[in-house]
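Trainee: Dropping the structure in here first, questions after.
The values are calculated or read from the model by the stated rules, or taken from the named source; none is laboratory data. Not measured: the values here are computed from a predicted model. Cβ placement follows ideal geometry from the backbone for every residue including glycine, while neighbour counts extend to all protein chains displayed. Keep in mind that these areas ignore ligands, DNA and RNA; they rest on the heavy atoms of the full protein, side chains included. Shrake-Rupley method; radii C 1.70, N 1.55, O 1.52, S 1.80 Å.
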Amino acid sequence: YWRIEARPTLKLASDAAYAEAYRSLFSTVVRGYVADEPLGTTLSSGMDSTSVAATIKLVAPAANLTALTYTTPELPKAEENHLARLAAEQLGLPQLTVRADLCWPLSTPDGVHTDRSSPFLLYYEEMWDAMFDEFRKHGVRIVFDGLGGDGFLGGNVFVYPDLLLTGRWRQLIQEFRYHLPRSPARPTTAHAVRM
């Protein structure tokens, strides 16, 4: 059993200093998992996976790294492959693709892989299996992923109560304006306050 030791809270002079501290720590962690064998990383073109891939290239420029992206031709609104391809090209990574739109539960004749005794349905399990199979075919044994980065960096977690209770009202209004449904005209401050 182990327990995470909390580090002292950083008190730095600027956002740039915090960004550099994060970059340094993140690079150290990524460097600790890079090995001299074929590596794989998922790549969606989003901030999380692109940060992981770019950091691997930064700390180990000669690494044998392959990107795997998902493609969803039957779900055009979810299709990110063209953006992921641009990210892979920019990073100089060979790219594998998996048809994610064919990997949803109940889409295959053998049905759901999740144990029938479980009350939970792992709806990404089919897609993960396809990803690991594709990496395995190419000799990849270490896979990096940006999964969960949204939760770590804020993602869909809204901080309205914290901003309200700490008196940071201007920032609260800015957050409201940002998260209001998009329209041709950006919502006004008065509209955000009424919400």
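Trainee: Would you please name the residue that is nearest to ALA88 (Cα to Cα), looking only at residues in region 35-68 that are hydrophobic (A, V, I, L, M, F, W, C), touching a residue at least 60 places away in the same chain (Cβ under 8 Å) and not in a helix (DSSP H, G or I)?
Mentor: Applying the filter and picking the extreme gives LEU68.
Trainee: For the list (1) surrounded by 14 or more Cβ atoms within 10 Å (Cβ to Cβ); (2) modelled with pLDDT under 60, I need the number of the one condition that MET127 fails.
Mentor: (2)
Here's the yes/no breakdown for (1) modelled with pLDDT of 95 or more; (2) over 21 Å from the mean Cα position of the chain (by Cα); (3) within 25 Å of ARG141 (Cβ to Cβ); (4) open to solvent by less than 30 Å² (accessible area, probe 1.4 Å):
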residue	(1), (2), (3), (4)
SER14	no, yes, no, no
SER27	yes, no, yes, yes
ASP36	no, yes, yes, no
SER44	no, no, yes, no
ILE56	yes, no, yes, yes
ALA60	yes, no, yes, yes
LEU65	yes, no, yes, yes
ARG85	no, no, yes, no
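Trainee: Take ALA100 and decide whether it is open to solvent by less than 60 Å² (accessible area, probe 1.4 Å), closer than 27 Å to SER24 by Cβ and at pLDDT 85 or above.
Mentor: In short, no.
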